[in-house]
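The values are calculated or read from the model by the stated rules, or taken from the named source; none is laboratory data. The structure presented is a predicted model; accordingly, all values stated were derived computationally and were not measured. We place every Cβ from the backbone using ideal geometry, glycine too, and count neighbours over all the protein chains shown. Calculation scope for accessible area: heavy atoms of the full protein, side chains included, ligands and nucleic acids excluded. Shrake-Rupley method; radii C 1.70, N 1.55, O 1.52, S 1.80 Å.
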Amino acid sequence: MGLDVYCGTLIRYYSRNWLTSVQQWGIENGFEVRMVRDNDRDPASLEEITAGVLGWKQQLLRIFAPSLTKPVVWNEDNEITPYYTNKPDWCAYYALLAYVCAHIVDKPLAQTIPKDYNFWKDPLYELYCSKEREGITLFECEWWLPIADEFMWKGYLPTGHERVVGTVGMLEWELEQINSIEWKADEQTILSWTDNEGYPDDAYYTGQKVQMGQIHTEYDTLSLAKFAYSIMYRAVKHSKENGTLIIIDY
């Protein structure tokens with residue numbers, strides 16, 4: 001079960017009118033890529049999805065209205081508003097969480113992590129949980145609403161599932177704090193990490209066939225953290241420009 005970052009309208013997300021980065025690559029290179037999800041079911045009609053999403057959005061904005069200090073731009077449609085997606089997958093996303101956690105608890109970050117690394121079982125996270133701390137949306141949320149004010153909220157998604165949801169404003173602030181720890185990278189550098197950092201190639205596509213190379217079982221932790229950070233940064237940038245949610249999809 002892989003992990004993708006989706007930044008777009010919720011109507012488009014629920015109606016499945018979007019393609020993951022792997023699906024897009026497949027289309028560009030003549031491969032069929034089929035996505036299979038746990039408990040996969042046929043989606044509701046577009047009319048049902050639209051009504052449910054817009055009702056949920058309006059209810060939330062009524063609840064949040066007394067505490068909002070900045071204008072809210074939150075677009076919802078199925079065709080007009082563009083979306084952004086990329087695939088950090090679990091290992092890179094967990095590497096970013098480990099990088100943040102290591103600095104919070106003042107412990108060294110492992111230089112490499114195994115392919116099956118699970119941040120939630122890392123002693124770093126256990127140490128973090130043992131200390132009094134403020135909530136971090138990267139640790140607690142899988143959804144971020146296109147709201148500039150900084151807060152987290154525990155409530156129900158349109159599907160009825162209870163979740164902790166953050167705001168894009170809070171995620172943006174957290175990313176700024178992470179960058180200020182030691183990277184202090186400018187935007188051009190951060191955006192370049194999507195292409196220049198991340199996973200080493202296990203296979204190569206020559207335009208005619210896939211050729212296998214070295215199969216990696218360990219990855220450079222810092223490189224993966226920068227790769228995932230760049231993807232989240234791009235998602236925040238897209239959200240602010242288009243008024244869209246950010247969702248960790250798996």
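A few comments on the model shown:
- In the range 224-247, the residue that is farthest from residue 80 (Cα to Cα) out of those that are surrounded by fewer than 18 Cβ atoms within 10 Å (Cβ to Cβ) and in contact (Cβ under 8 Å) with a residue 40 or more places away in the chain is 240.
- Test: residue in the range 31-53 that is closer than 15 Å to residue 243 by Cβ and either modelled with pLDDT of 95 or more or buried (at least 17 other Cβ atoms within 10 Å of the Cβ) (or both): yes
- One residue alone among 150, 174, 134 is in a helix (DSSP H, G or I) and either open to solvent by less than 30 Å² (accessible area, probe 1.4 Å) or at negative phi (or both), and that residue is 174.
- Any hit, the range 97-107, residues being open to solvent by 30 Å² or more (accessible area, probe 1.4 Å), more than 25 Å from residue 23 (Cβ to Cβ), in a loop (DSSP other than H, G, I, E, B) and in contact with a helix residue (DSSP H, G or I) (Cβ under 9 Å, 6 or more places away or on another chain): yes
- Residue 189 being more than 30 Å from residue 55 (Cβ to Cβ), β-branched (Val, Ile, Thr), part of a helix (DSSP H, G or I) and open to solvent by less than 50 Å² (accessible area, probe 1.4 Å): no
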